[in-house]
Amino acid sequence: MLTDVWQNFLSIVRQEAGSRIVETWLKAVKITHWNSEEKIIIIEAPNTFVKEWISSKYQQLFQTHLARLLHVDTLKVTFISQTEQAHHEDHNKNAVSMFSLPKKVIIPGKVKNALIHKTRKNYGYLNPNYTFDTFVVGPSNSLAYAAACSIVENPGDQYNPFFLYGGSGLGKTHLLHAIGNAIQKRDSKAVVFYQTTDRFINEFISSIRFNKIHLFQQRYRMIDILLLDDIQFISNKEQTQEAFFHIFNSLYDARKQIIFSSDLFPREIKGLEERLCSRLEWGLVADIHKPHLETKIAILKRKAQVHNEELSDEVAEFIAQQAVSNVRELEGSLVRVLAFSSLTKQPLSVDLVRKVLHREPDEKKKEKINFDRIASCVCKHYSYRLSDLRSNSRAKDLSFARQLTMYLMKKMTQRSLREIGGFLGRKDHSTVIHAFDRVQENVEKDNELRLTIRRIEEEILR
Ligand code: ADP
Ligand code: MG
């Protein structure tokens, strides 16, 4: 009977608070005892952290729904944790959370080695191609580069933490690995650990699920150099922030070097706890900008060398001049050009580059773009049916979706205005012109809409 109550409770929580809560927090939780006379129910969590989390956040939810499901007016919910009971002596009674472990965790050598090994084996992989040697320095990244070099000289010293900030594809990950590789080369014993924030979050969540938080904590505390990539993803992840906060403090206190990359400044990361935000800014914040033409040319030449190719100044300049906004795209262009040249056995020339980089969308893709495809993608995005688009309803949102459909049809196909109007049940083709102008006008001033349109276009081209 308790199992049924629990299952019903979970499905209510799913509806009310979302299934993520159930997946993350309530999977390993159970009712262990129900005293119908005293009206006390005991809920057991796999560890203290989960216990505290659910009791502080979801107490009310438990109270209300369990009372209802057990047919009582009032109910006393008591939360206990397995680990709390099992390791009672080990625990610091004053600790507010599982994460505030005593500073010095004494770990036997064997366990430590095993943990380090596991750390390295799992994610501590440093990309050997991302080194300082292959990183081209220009005005756009010289500050970040200089700081990175200085960190290699004296890790944990002056620039700690180091916060590397810059747009996507501008070389942040490359620099992180370069620092890691260089430090590892100087000191093969140093525990250098590169981790993406995404993985950090997943690893943290799974450590809670499987009740391995201590191990998780210990692994991170043994690191000498922590490289945490794309820290902006920690936004709004309260519990991960909490865990990370303690890891940060313990590494920082031990003067271990911590390096972050992010495409936002700490202050711009939404839903970032103040105390963590201020720590990210404690050390040096350095930014990387978009490269100038000269730097782009130098990067192209360096990258071509990696592929054992030589790029003439003229060709490099021509590729660099194409409208590419970051180094990753620049590299993408180069790779396409090199591949084309080698597959078709044509020399690397400006003409060839022009051919490769200015190509029309694939014929295949073009064939797929027809009225049905466009209409169905718009419908999918806004949850309408084709008959809605074809109807005469003037409901505001629907009218806009209809106009957007016309806009995309005009933009993405060669068909006439009359045909477009006809497809949507409009006799007068001036409706299409009006729709096109209206959307065009909005696109210019509305970033959100621009993004929406790009998404729908991508979907159409998929
Ligand atoms: P981010 O992490 O900032 O999004 P990456 O570090 O992944 O960017 O860089 C994208 C690609 O561009 C990588 O292949 C990287 O090697 C290359 N790259 C970026 N900046 C440079 C540079 N200054 N010199 C050489 N390669 C670079
Ligand atoms: Mg990156």
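Taking amide H positions as modeled 1.01 Å from N, with prolines and chain starts lacking one, the residues under 5 Å from residue 196 and 5 or more places away or on another chain are 229. Overall shape: oblate for the chain, with the ratio a/c of the largest to smallest alpha carbon gyration tensor axis at 1.5 or above and b/c at least equal to a/b. For residue 285, nonlocal amide neighbours, meaning residues 5 or more places apart or on other chains whose placed amide H falls under 5 Å from its own, are 163. Entry note, the range 186-290: relative contact order of 28 percent, from Cα contacts under 8 Å with a spacing of 6+ residues.
Among the protein heavy atoms, those of residue 267 account for about 140 Å² of accessible surface (1.4 Å probe, every chain in place). Amide H contacts under 5 Å for residue 136: none, restricted to partners 5 or more places along the chain or on a different chain, H placed in the peptide plane at 1.01 Å from N. Coupling constants for the range 436-452 follow from the phi torsions by the Karplus curve (6.51 cos²θ - 1.76 cosθ + 1.60, θ = phi - 60°), and in residue order they are 4, 4, 5, 5, 3, 4, 5, 4, 5, 10, 10, 4, 4, 5, 4, 5, 4 Hz; glycine and proline get x. Using a probe of 1.4 angstrom, how much of the accessible area of the chain is carbon and sulfur, in percent? So the carbon and sulfur contribution to the accessible surface is 49 percent. Sorting 383, 36, 349 by accessible area puts them as 383, 36, 349; the probe is 1.4 Å, largest comes first, and only protein heavy atoms count.
Could you do me a favour and compute the accessible area per residue for the chain, 1.4 Å probe, result in Å²?
With the other protein chains kept in place, the chain gives 54 Å² per residue.
Its relative contact order, with pairs defined as Cα atoms under 8 Å and 6+ residues apart, puts the chain at 12 percent. Of 79, 210, 62, the order by accessible heavy-atom surface (1.4 Å probe, DNA, RNA and ligands excluded), from most exposed downward, is 210, 79, 62.
Spatially, the range 393-446 and the range 63-83 are offset by 56 Å when compared through their Cα centroids.
Among beta bridges identified by DSSP and lying wholly in the chain, the antiparallel ones come to about 15 percent. Of 281, 310, the order by accessible heavy-atom surface (1.4 Å probe, DNA, RNA and ligands excluded), from most exposed downward, is 310, 281. The distance between label points at residue 449 and residue 336 comes to 2.9 nm (points 7 Å beyond Cα on the Cα→Cβ vector).
Backbone phi angles across the range 416-427, fed through the Karplus curve with coefficients 6.51, -1.76 and 1.60 (θ = phi - 60°), yield HN-Hα couplings of 7, 4, 4, 5, 4, x, x, 4, 9, x, 10, 7 Hz in residue order; Gly and Pro are listed as x. Could you go through the range 261-266 in sequence order and give the Karplus-derived ³J(HN,Hα) for each residue, using 6.51 cos²θ - 1.76 cosθ + 1.60 with θ = phi - 60°, rounded to whole Hz, and x for Gly and Pro? For the range 261-266, the Karplus-derived couplings read 10, 6, 9, 10, 5, x Hz, x marking Gly and Pro.
Residue 282 sits with roughly 120 Å² accessible to a 1.4 Å probe, with DNA, RNA and ligands left out of the calculation.
The values are calculated or read from the model by the stated rules, or taken from the named source; none is laboratory data. Model, not experiment: these values are computed from the prediction. Cβ coordinates were reconstructed from backbone atoms using ideal geometry, including for glycine residues, and neighbour counts include every protein chain displayed. When the accessible area is computed, the model is the full protein with side chains, heavy atoms only, and any ligands, DNA or RNA have been set aside. Shrake-Rupley method; radii C 1.70, N 1.55, O 1.52, S 1.80 Å.
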